[in-house]
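Below is one structure, written out as structure tokens; the observations come after it.
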2 protein chains.
Amino acid sequence: MSGESKSKKSVAEQRSEKSLFDRIWTLAYHRGFVFPSAEIYGGIAGIYDLGPLGAKMKNNLIQAWREFFVLKEVNPPVYELDGSTILPYEALKASGHLDSFTDPTVNCLKCKKVMRADHLIEDSLGLYVEGMTPEQLTRIIRENRLVCPECKGDLSDVSVFNLMLGVKVGPAGGQTAFLRPETAQDIFMDFKRVQQSMRAKLPFGIAQIGKSYRNEISPRQGLIRIREFTQMEIEMFIHPKEIGNHPSFYMVKDTKIRILTREQQKRGEKEPLEMTASEFLERNILPNPYMAYYLAKETIFYQSLGIPYEKFHFRHMMPEETPFYSGGNFDLEVELSIGRKEIVGNAYRTNYDLSNHMKKSGKDLSISIDGEKIIPEVVEPSFGVERAIYCILEHCFREDDGRGWTWFQFPPKIAPVKALVLPLVRKEPLTDIAFKTYETLKKNGLEVEYDDRGSVGKRYARGDEIGIPYCVTIDYDTVKANTVTIRDRDSRKQTVVKRDDLVEILFKLICGNIEFNTLL
Amino acid sequence: MSGESKSKKSVAEQRSEKSLFDRIWTLAYHRGFVFPSAEIYGGIAGIYDLGPLGAKMKNNLIQAWREFFVLKEVNPPVYELDGSTILPYEALKASGHLDSFTDPTVNCLKCKKVMRADHLIEDSLGLYVEGMTPEQLTRIIRENRLVCPECKGDLSDVSVFNLMLGVKVGPAGGQTAFLRPETAQDIFMDFKRVQQSMRAKLPFGIAQIGKSYRNEISPRQGLIRIREFTQMEIEMFIHPKEIGNHPSFYMVKDTKIRILTREQQKRGEKEPLEMTASEFLERNILPNPYMAYYLAKETIFYQSLGIPYEKFHFRHMMPEETPFYSGGNFDLEVELSIGRKEIVGNAYRTNYDLSNHMKKSGKDLSISIDGEKIIPEVVEPSFGVERAIYCILEHCFREDDGRGWTWFQFPPKIAPVKALVLPLVRKEPLTDIAFKTYETLKKNGLEVEYDDRGSVGKRYARGDEIGIPYCVTIDYDTVKANTVTIRDRDSRKQTVVKRDDLVEILFKLICGNIEFNTLL
């Protein structure tokens, strides 16, 4: 195990042998952030379990998101839904997923391998083929005489593969259904029920947090492209005449954000424009203040989780990447060692989904306002949880400051463990006082661990390695004077505080109400 | 809509027309606790969405559970896992679910209806057939000449129907997999990974909260028997030589619990025995202090959520209801208007699951202690979330105290909305001050709603109807003296407090740190 093995490789040795992605992935596996699901039976590609530390990070991320994007939102208010992951055939036929939620595939006629046709062409020829039909892709494969990259066998024509996972519900053959490919469809279908039961007036949002499923043809890159994943989505419903007025936009209007515009992309530029939310709005680069509001809030949110401002931006999606009904899509992309990856999709979905469900279901989902039937417009931010966790791991990973071990500089609110309690040595009464201190912190609702194995230095290293912001050491001064030593992960400085004040001080440090330096 | 419609039926009229279950179900539907999933397309039987209030209750329930059974548990500690819902064929073949997770069914040969054979026999003949083979059930059907209850058609032989929902993962036919029927299997498969990555010593627990799926043949009774549901499970891993020593049992040993013993059930008795946890242990009615610990904690937990002590008990499951390897199963059963329903299953699973997975996977899941290979024993409490929500709804429902409307007496911590803020009349400056008060409470993390529509009495009624514990009224004294009136849902008494103290007072009331009466 890392942190204590005698044969452990030095940070420098690891760096020379493994990519950053592999180093983080190995650490995440050994320290309990993520495991392959059902690993003892070989598992399923693209399906993972979050271990104890990963699960805590996920809970912390969800709680931070729920507070910032749901609970504390006053105007418009946001309601939360907890809908089913199994949806009937009719719903996904109507939403268009049955016909259009597909990827193009080719099979090798010799070794039978199945591949994404677009990835094969992009990897082999460097061509950009987003939005092309299967026929166009087949033509490119034939014209360039592409073969199977594994066995050089001939390739089939390109066909389309639906990414939804089907289930049959009920006895005797059963009713055809699917695992939802996004949480959004529950929200659209329940829109009228939520509006009526909550007596909600436009604008208002409906949020949902939960699992979605995509039968990826080739899952890859750890938590980046997986088959079972967690989404946090909001559909914001807006009176079409009021799309230009967001009642709380003023609160974020001066927030600086970075956008890679369509013009820039056409020119092949990589460095995004930086302006305030209201400037992007004035220049018509953003379609409405609802979109601008979310881009600004996301910029604030991800910085607070440890992803540096200059390491992410919003990319205005090109027309061929965007559904026909879209009024503008902006993906939040994070720069990683494995390339730029999307972790939030922001879509101005207009009234397409509600109108479409009205037509297909024959049910009236409009709202009567002053005698007029209104179909609201929708702006949707859609957040991926597992991808964000990987981004946080990579951007908080530190290995350059000469401590001799790697560490995670997690902001305290996302850190899976907030404090490590340790007796200076494993002797009474130190261990007894240390364990009682640990108990007190835990009973007060702090996520803490206790460690009395190995030298203090080893234990600091083990704590740093999983990003514990504070270590609390019980020593002989504790016995004499009832004081404890708090060590700060980032500065490695230490300070002595009264044991009776410990709970309050730790809470303040973790909430950011005081800086560690002020305690010195 | 309820709470304001002129044509609304009186409480007395509703009572004479509808069962309690139907009255609560109708209310839950109209006020946003639960909706049929994909209702606009006809939905799928046994699959529901939790609306805004149901979702909040679920979040509150999960948070209360996580604090009480996971985060604040010191010794043994409990780690949390967040595993996948899709598991490969091999895992569920090994666990026994593929062969044994079945229900007996019969089909009508005339109308093709599919039924649970055991339910048909129990309903028609009043016979108890738990644990019987398909052949035995077929014989009973033939001997008693049972026919289809719908069309009187002849019935098929009894066959077995597997309750797991299958999925095919990946392209080209795909890998056979299933939606997990319980969260427990992820935990057993990851046991060694968690133990190693957390350097955990026995005893320790692994908890998991998440969706599970059962393809019920006939879903029924709203949230009681559904196909997609949420579980909160803990597997507590114990050194086999230490099963008699729970390090924290002393904390709950004097807690009174109610158990319907096997002896009582054989005698046909319905009223459970009441003793303390340690007395049940001494009399060998409970197999070990780990089981006793959970039964005591569950007794405390469900009372704190509003289910009265005398309305639930633990039933020692009879041998024919229990797997062969079990060291004793105790179901927490709640008395409801629709009968006694299980909401927690407590199982002493011995070392069956780990031993079995070791054998089937060929992987070593034992722990080395002092040179010896130890396979831990397991005690498992398994909680159903949606069922518990229905139990809380029913046991908190009030319609007898002459207010003229029904209400929910939710304990504040489970109540979906903690306070309702209302201006006395819809006039400035009252509405402005009221909205700002609402905003302040929300920004402080309180779940509150704002309502300025209709008379104050109507608004109190609407708040009571969804169990909001406190109403905060802004009146002309607020303008003059900056005071607000707090109305207590349960007593309907009112008191005036300073507006500046409101946040603190509400937090104290909701946490139970002060009683409303002390404010009078």
Please verify whether region A:126-140 includes one or more residues that are closer than 28 Å to A:Glu233 by Cα and either within 14 Å of chain B (Cβ to nearest Cβ) or in contact with an Asp or Glu (Cβ under 6 Å, 6 or more places away or on another chain) (or both). yes
Which numbered condition A:Ala177 fails, given (1) farther than 30 Å from A:Ile374 by Cα; (2) in the same structural domain as A:Glu235 (by TED's automatic domain parsing); (3) surrounded by fewer than 16 Cβ atoms within 10 Å (Cβ to Cβ): (3)
Residues of region A:87-108 satisfying the condition of being within 24 Å of the chain's Cα centre (by Cα) and crowded, with 23+ Cβ neighbours inside 10 Å: A:Leu87
Examine region B:314-321 for a residue that is out of contact with any helix residue (DSSP H, G or I) (no Cβ under 9 Å at 6 or more places or on another chain) and under 28 Å from B:Glu216 (Cα atoms), and state whether such a residue exists. yes
Within region B:41-57, residues open to solvent by 20 Å² or more (accessible area, probe 1.4 Å) and within 17 Å of A:Val194 (Cα to Cα) come out as B:Tyr41, B:Tyr48, B:Lys56
Whether any residue in region A:71-86 is surrounded by fewer than 19 Cβ atoms within 10 Å (Cβ to Cβ), polar (S, T, N, Q) and without any contact (Cβ under 8 Å) to a residue 40 or more places away in the chain is what I want to check. no
Regarding region A:373-396, can at least one residue be identified that is open to solvent by less than 20 Å² (accessible area, probe 1.4 Å), assigned to a loop (DSSP other than H, G, I, E, B) and more than 14 Å from chain B (Cβ to nearest Cβ)? yes
I'd like to check something: does region B:287-305 contain any residue that is touching a residue at least 60 places away in the same chain (Cβ under 8 Å), open to solvent by 10 Å² or more (accessible area, probe 1.4 Å), in a loop (DSSP other than H, G, I, E, B) and touching an Asp or Glu at 6+ places or on another chain (Cβ under 6 Å)? no
Given the options A:Ser278, A:Ser368, name the one that is part of a strand (DSSP E or B) and of a type in the set (Ser, Thr, Tyr). A:Ser368
Condition test on B:Ile514, is it more than 21 Å from B:Val11 (Cα to Cα) and without any contact (Cβ under 8 Å) to a residue 24 or more places away in the chain? yes
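Yes/no matrix, rows are residues, columns are (1) crowded, with 17+ Cβ neighbours inside 10 Å; (2) free of Cβ contacts under 8 Å to residues at least 24 places away in the same chain:
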site: A:Gly402; (1), (2): no, yes
site: A:Arg426; (1), (2): no, no
site: A:Glu439; (1), (2): no, yes
site: A:Lys443; (1), (2): no, yes
site: A:Leu446; (1), (2): yes, no
site: A:Lys458; (1), (2): no, no
site: A:Arg462; (1), (2): yes, no
Read through the list (1) part of a loop (DSSP other than H, G, I, E, B); (2) more than 7 Å from every other protein chain (Cβ to nearest Cβ), then give the number of the only condition that A:Leu53 fails. (1)
Would a scan of region B:503-520 turn up a residue that is open to solvent by 40 Å² or more (accessible area, probe 1.4 Å) and touching a strand residue (DSSP E or B) at 6+ places or on another chain (Cβ under 7 Å)? yes
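Among A:Ile474, A:Ile414, which is more than 24 Å from A:Glu399 (Cα to Cα), at pLDDT 95 or above and open to solvent by less than 30 Å² (accessible area, probe 1.4 Å)? Spell out how you get there, then give the answer.
Working: A:Ile414 fails: more than 24 Å from A:Glu399 (Cα to Cα).
Selected residue: A:Ile474, the only one of A:Ile474, A:Ile414 that is more than 24 Å from A:Glu399 (Cα to Cα), at pLDDT 95 or above and open to solvent by less than 30 Å² (accessible area, probe 1.4 Å).
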Keeping to region B:193-209, report how many residues are touching a residue at least 40 places away in the same chain (Cβ under 8 Å), within 8 Å of chain A (Cβ to nearest Cβ) and open to solvent by 10 Å² or more (accessible area, probe 1.4 Å). 1
Counting only residues that are within 25 Å of B:Asn356 (Cα to Cα) and facing another protein chain (nearest Cβ under 10 Å), give me the strands (runs of 3 or more DSSP E) lying completely in region B:62-121 with at least 1 of them. B:78-81, B:86-88, B:102-107
Any residue at all in region A:339-351 that's away from every other protein chain (no Cβ under 14 Å), surrounded by fewer than 23 Cβ atoms within 10 Å (Cβ to Cβ), in contact with a helix residue (DSSP H, G or I) (Cβ under 6 Å, 6 or more places away or on another chain) and not in a strand (DSSP E or B)? no
Neighbours by Cβ (under 7 Å, 6+ apart or cross-chain): first from region A:153-176, within 24 Å of A:Ser212 (Cβ to Cβ) and within 8 Å of chain B (Cβ to nearest Cβ); second part of a strand (DSSP E or B) and hydroxyl-bearing (Ser, Thr, Tyr): A:Phe161/A:Thr102; A:Phe161/A:Thr105; A:Leu165/A:Tyr213; A:Gly166/A:Thr176; A:Lys168/A:Thr176
Filter region A:27-38 for residues that are facing chain B (nearest Cβ under 7 Å), outside any strand (DSSP E or B) and of a type outside the set (Lys, Arg) and give the result. A:His30, A:Gly32, A:Ser37, A:Ala38
Residue under evaluation A:Gln231, criteria (1) outside any loop (DSSP other than H, G, I, E, B); (2) in contact with a Leu (Cβ under 6 Å, 6 or more places away or on another chain), criterion not met: (2)
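Out of A:Arg15, A:Arg23, A:Arg31, which single residue is of a type in the set (Lys, Arg) and open to solvent by 30 Å² or more (accessible area, probe 1.4 Å)? So that I can check it myself, show each step before the final result.
Working: A:Arg23 fails: open to solvent by 30 Å² or more (accessible area, probe 1.4 Å); A:Arg31 fails: open to solvent by 30 Å² or more (accessible area, probe 1.4 Å).
Within the list A:Arg15, A:Arg23, A:Arg31, the selection yields A:Arg15.
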Selected residue (only one of B:Lys241, B:Lys270 is more than 25 Å from B:Asp103 (Cβ to Cβ) and part of a loop (DSSP other than H, G, I, E, B)): B:Lys270
Which condition number does A:Lys253 fail, the rest of (1) touching a residue at least 40 places away in the same chain (Cβ under 8 Å); (2) more than 18 Å from B:Pro52 (Cβ to Cβ); (3) assigned to a helix (DSSP H, G or I) being met? (3)
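Yes or no, residue by residue, for (1) more than 21 Å from A:Arg214 (Cα to Cα); (2) in the same structural domain as A:Phe178 (by TED's automatic domain parsing); (3) polar (S, T, N, Q):
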residue	(1), (2), (3)
A:Phe69	yes, no, no
A:Ser84	no, yes, yes
A:Glu90	no, yes, no
A:Lys110	yes, no, no
A:Gln136	yes, no, yes
If you check B:Ala184 against the conditions, is it surrounded by 21 or more Cβ atoms within 10 Å (Cβ to Cβ) and more than 9 Å from chain A (Cβ to nearest Cβ)? yes
Would a scan of region A:144-159 turn up a residue that is surrounded by 15 or more Cβ atoms within 10 Å (Cβ to Cβ), of a type in the set (Val, Ile, Thr) and assigned by TED's automatic domain parsing to the domain that holds A:Val114? yes
Which of the following residues is in a strand (DSSP E or B), free of Cβ contacts under 8 Å to residues at least 60 places away in the same chain, open to solvent by 30 Å² or more (accessible area, probe 1.4 Å) and not hydroxyl-bearing (Ser, Thr, Tyr): B:Val496, B:Val479? B:Val496
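The values are calculated or read from the model by the stated rules, or taken from the named source; none is laboratory data. Keep in mind it's a predicted model, so treat the numbers as computed, not measured. Cβ coordinates were reconstructed from backbone atoms using ideal geometry, including for glycine residues, and neighbour counts include every protein chain displayed. Accessible surface is based on the protein model in full, side chains and every heavy atom, while ligands, DNA and RNA are left aside. Shrake-Rupley method; radii C 1.70, N 1.55, O 1.52, S 1.80 Å.
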